[in-house]
2 protein chains.
Amino acid sequence: MNSPDFDTLLNFFKVLANENRLKLVGILSQTECSVEDLAARLHLKEPTISHHLMKLKELNLVEMRSQGNTHFYKLNGDTLSYLNKSLFTSEQMANWTKDIPTEAWEEKVLRSYINSDCLIEIPASRKKRLVILKWLVNKFDLGRTYTEKEVNEILKRYHPDSATLRREFIGYKLMKRDKGIYERLAENLWQSEREIMKQKN
Amino acid sequence: MNSPDFDTLLNFFKVLANENRLKLVGILSQTECSVEDLAARLHLKEPTISHHLMKLKELNLVEMRSQGNTHFYKLNGDTLSYLNKSLFTSEQMANWTKDIPTEAWEEKVLRSYINSDCLIEIPASRKKRLVILKWLVNKFDLGRTYTEKEVNEILKRYHPDSATLRREFIGYKLMKRDKGIYERLAENLWQSEREIMKQKN
DNA sequence: AGACTAATTAGATATAATTCTAATTAGAAA
DNA sequence: TTTCTAATTAGAATTATATCTAATTAGTCT
């Protein structure tokens, strides 16, 4: 029995996020009831109760049994305990976000600072600058070295202030410099975003 | 640590019964995020995110930490697991209904068939008739016997058709008859409502 | 068959929730 | 100080939800 997906769970919360429906669940957990009876207990009209019971039934939270004209409803405890079982484990919640791209914000930053592959301006905020620098450092090959002149030449294709950008590469640990020779660093050596954010803007 | 009450739980469902808020919980369970970042990921404006985060914060579902201008939010896992722990036990749910009177429907029936202590009409439906008869049988003392004539006299105070009512007392097992002598039966000997409903109207 | 009962469906209205824009606040940088 | 940035608050507009009355359906009783 696998755990419920995002939509099922959302639906579950929506159905239970109503005072009278939650009370219905409470009542039906104790006893089997007719629509008329439930209407009297909650001081609502029968159509309203029917409407709520429909929503509960769609989720299999209640079961119905007919006896003549009367429809008796009761709780389906199995469904409840199934839904209730470890809904909020980390893995479970990670699943909900699987269709939400993590890089949405970075893409937005790139779109707003880069026009037809050219850097319009160097962002003032440290966080946004990192996004731009990560994009720029991709223009350099991994595993080969560059002289300062070479680095400047490549950077100038994107922005005139190559000196600042070159210095920032070092500051953000996207590149290392040894005796005037530059080399791109692997992603796992970069300063974590978390570390960067601990500093001031 | 006692379990949450009805209102807390209802609030919990209301807060989680929203697609974007549930997604926020999902994202924040994986990583700490700024408002700006969350807005980009969910394609919503910052004020909207702020608004949702407020609701989550009121329930202690998220925590906030400031760093300069930026507010970083993350999930408060403790609250989640507290709320998630055995919400739907029978005892728990029984608690929700403690302020809902069980007899609401019976009272409604009484109100509609009895006017200033007089029975307007004998209900056609078996279920409602039982309610009326239970009310009527209270007019007789427990532990003493009545002749048929005495029973009729008392019943006539409430409704002219005493014969029918008297016969129904026997049918519903609210009274017993032995050689023309009637006696009221204790409640625990009555036919259960469940039994009565198994019969047709 | 016709009358009655309980439940449901349809449609209208009232209430609540979501989301936006614009204005405001608080902190950081120039 | 002034400017900029990120977050929040206020207020309006859209959208969704809950509830009711009236009409319909299905089952019973006479």
Any idea what the A:THR102 label distances to the other copies are, label 7 Å down the Cα→Cβ vector, nm, shortest first? 5.5
Of all stretches in chain B that avoid trypsin sites (Lys or Arg not before Pro) placed in a DSSP loop and having at most 16 other Cβ atoms within 10 Å, the longest is B:1-44
How large is ³J(HN,Hα) for each residue in the range B:38-45, as worked out from phi by the Karplus curve 6.51 cos²θ - 1.76 cosθ + 1.60 (θ = phi - 60°), to whole Hz, x for Gly and Pro? 4, 4, 5, 5, 9, 6, 10, 7
Using all alpha carbons of chain A, what is the percent of pairwise distances in each 10 Å bin, ordered from the shortest bin to the longest? 7, 24, 17, 10, 11, 13, 11, 6, 1, 0
What does the charge count near B:GLU150 come to, summing +1 for each Lys or Arg and -1 for each Asp or Glu among other residues with Cβ under 14 Å from its Cβ? +4
Can you give me the long-range amide H partners of B:HIS71? Hydrogens built in the peptide plane at 1.01 Å from N, cutoff under 5 Å, separation of 5 or more residues or another chain. B:VAL35
If you wrap a convex hull around the C-alpha atoms of the range B:67-127 and split its volume per residue, what is the figure in Å³? 201 Å³
So what's the gap between the Cα centers of the range B:44-85 and the range A:83-142, to the nearest angstrom? 21 Å
Using a 10 angstrom cutoff on alpha carbons, build the Gaussian network for chain B and name the most mobile of B:ASN18, B:ASN138, B:ASN69. B:ASN69
How far, in whole Å, is the closest Cβ of chain A from the axis that maps A onto B, and which residue does it belong to? A:ALA17, 2
Measuring from a point 7 Å out along Cα→Cβ, what nm distances, shortest first, does A:ASN60 have to its partners in the other copies? 3.4
Proximal aspartates and glutamates relative to A:LYS176, as straight alpha-carbon distance under 15 Å, when same-chain residues fewer than 8 apart are discounted: A:ASP141, A:GLU148, A:GLU150, A:GLU168, A:GLU187
So the number of lysine pairs in the range B:6-96 with alpha-carbon atoms under 18 angstrom apart, 8 or more residues apart or on different chains, is 11
Can you list, shortest first in nanometers, how far A:ILE154 lies from the same residue in the other copies, with each label 7 Å from Cα toward Cβ? 10.4
Given backbone amide H placed at 1.01 Å from N, residues whose amide H is under 5 Å from that of B:MET175, ignoring those fewer than 5 places away on the same chain, are B:ILE170, B:LEU185
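When the gyration tensor of the range A:16-125 is built from Cα positions, what are the square roots of 5 times its three eigenvalues, in whole Å, from largest to smallest? Working shown, then result.
Values: eigenvalues 525, 55, 26 Å².
Over the Cα atoms of the range A:16-125, the ellipsoid semi-axes are 51, 17, 11 Å.
Report the gain in length on full extension from B:LYS179 to B:LYS134: 0.36 nm times residue separation, minus Cα-Cα distance, nm rounded to one decimal. The partial results should precede the final answer.
Numbers: separation 45, 0.36 × 45 = 16.20 nm, distance 2.33 nm.
Stretched out fully, the B:LYS179 to B:LYS134 stretch lengthens by 13.9 nm.
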Once the principal axes of the Cα atoms of the protein assembly as shown are found, what is the range along each, listed largest first in whole angstroms? 122, 34, 32
Spelling out what I want: for every residue of the range B:16-32, take phi, set θ = phi - 60°, compute 6.51 cos²θ - 1.76 cosθ + 1.60 (Karplus), and round to whole Hz; glycine and proline get x. 8, 8, 9, 3, 6, 5, 5, 5, 4, 4, x, 5, 5, 6, 9, 7, 7
Helical contribution to [θ] at 222 nm, DSSP H n ≥ 4, -39,500 (n - 2.57), averaged over the protein assembly as shown, rounded to 500: -15500 deg cm²/dmol
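Test of the criteria: in the range A:113-178, which GluC sites (Glu not before Pro) are in a DSSP loop and have at most 15 other Cβ atoms within 10 angstrom of their Cβ?
Details: sites: A:GLU121, A:GLU148, A:GLU150, A:GLU153, A:GLU168; in loops: A:GLU121.
Filter output for the range A:113-178: A:GLU121.
Read the figures in this text as sums done on the coordinates, not as results from a lab. Remember, predicted model here, so these are calculated numbers, not experimental data. Neighbour counts are summed over all protein chains in view; Cβ atoms, including those assigned to glycine, are modelled from backbone coordinates with ideal geometry.
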